[in-house]
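Remarks on the structure that follows.
Nothing in this text is a laboratory measurement; each read-out follows from the coordinates by a stated rule. Remember, predicted model here, so these are calculated numbers, not experimental data. Cβ placement follows ideal geometry from the backbone for every residue including glycine, while neighbour counts extend to all protein chains displayed.
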Amino acid sequence: MKPRVEIRYCSLCRWLLRSAWLAQEILSTFNDDVAEVALIPADKGQFQIWVNEQRLWCRVIDGGFPEAKEIKQRLRDYVDPTRSLGHSDR
């Protein structure tokens, strides 16, 4: 079964565009490997990325916002650790 990716973002902080951009990056790289990418409005400065029940990124814990490269590497490690991401692995 393909994993579900959730991007939980603070709607009060207006992080929808950042979330949508990361969703686009995930889907363009992993279009055959994920079931869906959900954008979930939240509050209190939240910005987290989850795959199934595993947290890939938390703005508070990981120190800010992720680059697309970092999220792609972490998602790849979850979905298919042997997969090459080309220039994103460098």
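A few comments on the model shown:
- Residues (aliphatic (A, V, I, L, M) and either farther than 13 Å from V34 by Cα or part of a loop (DSSP other than H, G, I, E, B) (or both)) located in the stretch 74-90: L85
- Scan of the stretch 44-55 for residues that are touching a Pro at 6+ places or on another chain (Cβ under 8 Å) and assigned to a strand (DSSP E or B), ordered by number: I49, V51
- In the stretch 57-73, the qualifying residues are those that are outside any loop (DSSP other than H, G, I, E, B) and either among the small types (G, A, S) or in contact with a Pro (Cβ under 8 Å, 6 or more places away or on another chain) (or both), and the one that is surrounded by the fewest Cβ atoms within 10 Å (Cβ to Cβ) is A68.
- Flag if L22 is in a helix (DSSP H, G or I) and surrounded by 12 or more Cβ atoms within 10 Å (Cβ to Cβ): yes
- Every condition in (1) over 12 Å from the mean Cα position of the chain (by Cα); (2) part of a helix (DSSP H, G or I) is met by L27 except one, and the failing one is (1).
- Counting only residues that are under 11 Å from the mean Cα position of the chain (by Cα) and either closer than 17 Å to R76 by Cα or crowded, with 18+ Cβ neighbours inside 10 Å (or both), the stretch 37-53 holds 6 of them.
- Matching residues, the stretch 24-36, being out of contact with any helix residue (DSSP H, G or I) (no Cβ under 7 Å at 6 or more places or on another chain) and either of a type outside the set (A, V, I, L, M) or farther than 15 Å from R76 by Cα (or both): Q24, S28, N31, D32, E36
- Look at (1) in a loop (DSSP other than H, G, I, E, B); (2) under 11 Å from the mean Cα position of the chain (by Cα) and you find that L12 fails only one, number (2).
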